[in-house]
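Enquirer: Just dropping this structure here.
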Amino acid sequence: MFDNILHQSASELLSDDIKKERLPGSILFSGPASSGKLSCALELARVMSCQIGGEKKGEWNCTCPSCLKHKALVSQNVIITGPGNRTLEIKAAKNTFLSQNVQNTKHLEASRYLYLRAVRKLTARFSPVLWEGEDKLSKFSPLLQKIDESLELLTPGRTVPEPDELEKILNDVEENCLKLEESYLYKSLPVSQIRNFSSWAHLTSSNGKKVLIIENAERMQDSARNALLKILEEPPKDTVFILTTSNRGAVLQTILSRVRTYNFYERNTEHQREVIDRVFHFDPSFAGGVIPETVDKFLQNYLSIQPSVVYEYSEKYFKTIAEGHVPDIPLIVSACNNFSPRVLFKIFLEGITEAQKVLCSKELGSQGAECSALVVKELREVLNNVTVFNLNPASALEELARNLMQINYLNGGVFKRAYERVC
């Protein structure tokens, strides 16, 4: 049970709660990005539906019909919703599948499942149940159909296509997934989808528990939060709600009071490298003999622009403000691929966070520390505006520049003085 969730104590707590039949109907998985929260939520759904009884219930190698459907993420009893970037994982899983197929290794079947699951973690968010009554449903349906037709060729049990044919299939799927995510996936969970899955959740299930997974539950506007709260106040008995978040403090307190939290933690470097090796079978010879230190850094290798380039532009952005000038935001946005995928915008803000640390020098004393705190607060606000309220990144950076310039001005040009001391 939970054999594929590595180095997270939450899996042990969940196993114990399941065995003692005290698992609640509303759960929150809280922890940093890439700590296994969504994988654990999907594994919990599989374990609860497993048709094998006794001590063997929920084993990863179980071949009961329900477990096979859950492994391939085709069970009708699970719905995944919530915003999130899935294309990096799809690209990484694609690379694993191709390399394992060429080498014909013992991990080929595992890499097939890894790929299918990576794609379906995205396509599951476009279930007709969630999008009923919306105009976009008819627009993205052709894309979904193309993806499903391609995945049908890769169904477990079928012979894997020849390398050239497989690469063509995976390239087509990746292209369609990119279109699906960039053009149609919401940046914050809309209230319409909460109302739609509420109706689904209240339907009686004839085939065990239903599971509703909401990823990035902190990324909701007030109307959506209130609608979710109403469901959690009177949850349907046949449905388990699993919320995930990387920012528990941003989740409505009244929602927190109605869920049981299971904490996930940042794995150390050794454990993260083990995850990269065991899940993606990464060959370090392709990276100069070095396995990336974190899962996030591993996945960022598949970005259209390397993080180092984004960090360079974020440092220039902050330094330009420190010198009293307005940054060339159109140039920055263009150079950073319009911050698509949105994870590039988060990386850009992380770069500013690093650059502003010059304010914390001893020479600047309390004034520098106070200004640093103000800058960090502005960065959190602008990230929230882009990820939750879908503010255009260019507009967000213009607003951020104005606010940072004001902090600098009101504090006698402290940004510039900080840079002068460093130089």
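The values are calculated or read from the model by the stated rules, or taken from the named source; none is laboratory data. Fair warning: this is a prediction, and the values are worked out from it, not measured in the lab. In this analysis, Cβ positions are derived from the backbone assuming ideal geometry, glycine residues included, and neighbour counts consider all displayed protein chains. In case anyone asks, the SASA skips ligands and DNA or RNA and just uses the protein heavy atoms, side chains included. Shrake-Rupley method; radii C 1.70, N 1.55, O 1.52, S 1.80 Å.
Enquirer: In this structure, is ARG278 surrounded by fewer than 20 Cβ atoms within 10 Å (Cβ to Cβ) and within 27 Å of the chain's Cα centre (by Cα)?
Expert: Here the answer is yes, as ARG278 does meet what is asked.
Enquirer: A further question on this structure: Scan the stretch 366-423 for residues that are closer than 21 Å to GLN221 by Cα and polar (S, T, N, Q) and report the count.
Expert: Final tally of qualifying residues: 6.
Enquirer: Could you pull out the residue among LEU189, LEU243 that is farther than 30 Å from GLN51 by Cα, surrounded by 16 or more Cβ atoms within 10 Å (Cβ to Cβ) and within 17 Å of the chain's Cα centre (by Cα)? It would help to see each step written out before you state the result.
Expert: Values: LEU243 fails: farther than 30 Å from GLN51 by Cα.
Answer to the check: LEU189.
Enquirer: Tell me, which strands (runs of 3 or more DSSP E) wholly within the stretch 162-273 include 2 or more residues that are of a type in the set (Val, Ile, Thr) and at pLDDT 95 or above?
Expert: Passing ranges, in order: 210-214, 239-245.
Enquirer: Let me ask something additional. Quick test of your reading of the structure: PHE339 fulfils all but one of (1) open to solvent by 10 Å² or more (accessible area, probe 1.4 Å); (2) at pLDDT below 95; (3) touching a helix residue (DSSP H, G or I) at 6+ places or on another chain (Cβ under 9 Å). Name the failing condition by number.
Expert: PHE339 satisfies all of (1) open to solvent by 10 Å² or more (accessible area, probe 1.4 Å); (2) at pLDDT below 95; (3) touching a helix residue (DSSP H, G or I) at 6+ places or on another chain (Cβ under 9 Å) except (1).
Enquirer: While we're looking at this one, here's another question. Going residue by residue through the stretch 59-81, is there one that turns out to be farther than 24 Å from LEU151 by Cβ and not aliphatic (A, V, I, L, M)? Show your work before the answer.
Expert: So the first thing to find is which residues in the stretch 59-81 are farther than 24 Å from LEU151 by Cβ, and the list is 59.
With the extra rule that they be not aliphatic (A, V, I, L, M), the set shrinks to 59.
Yes, because at least one residue in the stretch 59-81 is farther than 24 Å from LEU151 by Cβ and not aliphatic (A, V, I, L, M).
Enquirer: While we're on this one: SER366 - would you say it is assigned to a helix (DSSP H, G or I), farther than 19 Å from GLU398 by Cβ, open to solvent by less than 30 Å² (accessible area, probe 1.4 Å) and among the hydroxyl-bearing types (Ser, Thr, Tyr)?
Expert: Here the answer is no, as SER366 does not meet what is asked.
Let's see how each residue does on (1) closer than 30 Å to VAL191 by Cβ; (2) under 24 Å from the mean Cα position of the chain (by Cα); (3) open to solvent by less than 30 Å² (accessible area, probe 1.4 Å):
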| site | (1), (2), (3) |
| --- | --- |
| THR105 | no, no, no |
| LEU108 | no, no, yes |
| SER111 | no, yes, yes |
| TYR115 | no, yes, yes |
| ARG120 | yes, yes, no |
| PHE126 | yes, yes, yes |
| TRP131 | yes, yes, yes |
| SER138 | yes, no, no |
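Enquirer: In the stretch 203-228, how many residues are open to solvent by 10 Å² or more (accessible area, probe 1.4 Å) and within 16 Å of THR261 (Cα to Cα)?
Expert: The number of residues fulfilling the criteria is 3.
Enquirer: Name the single residue, out of those in the stretch 390-423 being under 23 Å from SER334 (Cβ atoms) and either in contact with a strand residue (DSSP E or B) (Cβ under 6 Å, 6 or more places away or on another chain) or part of a loop (DSSP other than H, G, I, E, B) (or both), that is modelled with the highest pLDDT. Write out each step before concluding.
Expert: In the first step, residues of the stretch 390-423 are kept if they are under 23 Å from SER334 (Cβ atoms); the result is 390-405.
Subset that is either in contact with a strand residue (DSSP E or B) (Cβ under 6 Å, 6 or more places away or on another chain) or part of a loop (DSSP other than H, G, I, E, B) (or both): 390-392.
Details: ASN390: 85, LEU391: 90, ASN392: 93.
By that ranking, first place goes to ASN392.
Enquirer: Of the residues that sit in the stretch 40-77 and are surrounded by fewer than 21 Cβ atoms within 10 Å (Cβ to Cβ) and of a type in the set (Ser, Thr, Tyr), which one is farthest from ALA124 (Cα to Cα)?
Expert: Result: THR63.
Enquirer: Where the second residue is open to solvent by 10 Å² or more (accessible area, probe 1.4 Å) and not charged (D, E, K, R) and the first is closer than 18 Å to GLY412 by Cβ and lies in the stretch 368-379, which pairs have Cβ atoms under 7 Å and are six or more apart or on separate chains?
Expert: Taking only residues 6 or more apart or on different chains, the pairs are GLY368/CYS360; GLY368/SER361; ALA369/CYS360; CYS371/ILE407; CYS371/ASN411; SER372/CYS360; LEU374/ILE407; VAL375/ILE407.
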